[in-house]
Amino acid sequence: MELQIQDLVDSIKKDGIAEAEKERKVIISEATKKADEVVKDAQQQAKKLVDAAKKEVTVMEKSATAAIQQAGRDVILYLKKSITNHVLHLLDTNVTSSLTGKDLVSLIVSIVQSGLVDQKTSIVEVNAKELKKIDETLRAQLADELKNGLEITPVDSVHVGFKLSSKDGSFFYDFSDDEITQLLLPFLSSSIAEMIQPAKEGK
């Protein structure tokens, strides 16, 4: 009887150990599978984060490049504007200073005698204050033209320089400092553009 009980105990132990071993393998298998899934998920998440980071870096690089390019264009535009304003001021100053005194007399005489207009039907309009300074010299050099009908009139509408018009209003030429400066501006802008261009190409 004692032997049968021992055999029963041994059998139970054997069955229990086998069952436990079986459960252990199942647990290990599930744990391994779960671990693989966790690792795989972590790898996917890591890849997503890396891809997102790469995209963000690309966007930032493009944004930085665009900002640098825009800054470069802004600098060039500012430089061009500054140079233009400075040269325009110099141009205006020089034109204004050249349209007074003997230089103004020479210019008026040259234009009147150039054949641009019919002297008999033309009027030369000069700033009243400036005309007082040059009137005698101007009339002396245009004596023949004045005899033929040319008129010289003092006006307040002309600041510096002069205007040449017809008595009947059929034509009008403006040789004032502002008008001459404006006429020279396209050539000024072209010259400055040529100065700026090498800087743009060398970026």
Proximal charge balance of residue 175 [Cβ under 11 Å; K/R count +1, D/E count -1]: -4
For region 142-155, in order, what is each residue's ³J(HN,Hα) by Karplus, 6.51 cos²θ - 1.76 cosθ + 1.60 with θ = phi - 60°, in whole Hz (x at glycine and Pro)? 10, 4, 5, 5, 5, 5, 7, x, 4, 10, 10, 10, x, 9
Residue 58 to residue 143: extension gain in nm, 0.36 nm per residue of separation minus the Cα-Cα distance? 22.7 nm
Positive-end residue, region 99-185 charge dipole about Cα centroid, Cβ charges, pick of 142, 126, 180: 142
Here, residue 102 and residue 155, labelled 7 Å along Cα→Cβ, have an inter-label distance in nm of 2.8 nm
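Expressed in nm², what is the orientationally averaged projection area of the convex hull enclosing the Cα positions of region 99-185?
5.3 nm²
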Would you tally the net charge around residue 46, using a Cβ to Cβ cut-off of less than 13 Å, leaving residue 46 out, and scoring K and R as +1, D and E as -1? +2
Can you give me the long-range amide H partners of residue 175? Hydrogens built in the peptide plane at 1.01 Å from N, cutoff under 5 Å, separation of 5 or more residues or another chain. 162, 163, 164
If a paramagnetic tag sat 7 Å from the Cα of residue 166 along the Cα-Cβ line, which residues of region 106-140 would have the backbone N under 18 Å from that point? 112-125
Under a point spin-label approximation (7 Å from Cα along Cα-to-Cβ), what is the residue 49-residue 114 distance to one decimal in nm? 7.9 nm
What list of ³J(HN,Hα) couplings, whole Hz, do you get for region 113-128 from phi and the Karplus terms 6.51, -1.76, 1.60, once you set θ to phi - 60° and write x for glycine and proline? 7, 6, x, 4, 9, 7, 4, 5, 10, 10, 10, 9, 9, 10, 3, 4
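Only the coordinates and a few stated rules stand behind these numbers; no lab work does. Just so it is clear, the structure is predicted and the values come from calculations on it, not from any experiment. Using ideal geometry, Cβ is built from the backbone for each residue, glycine included, and neighbour counts are taken over all protein chains shown.
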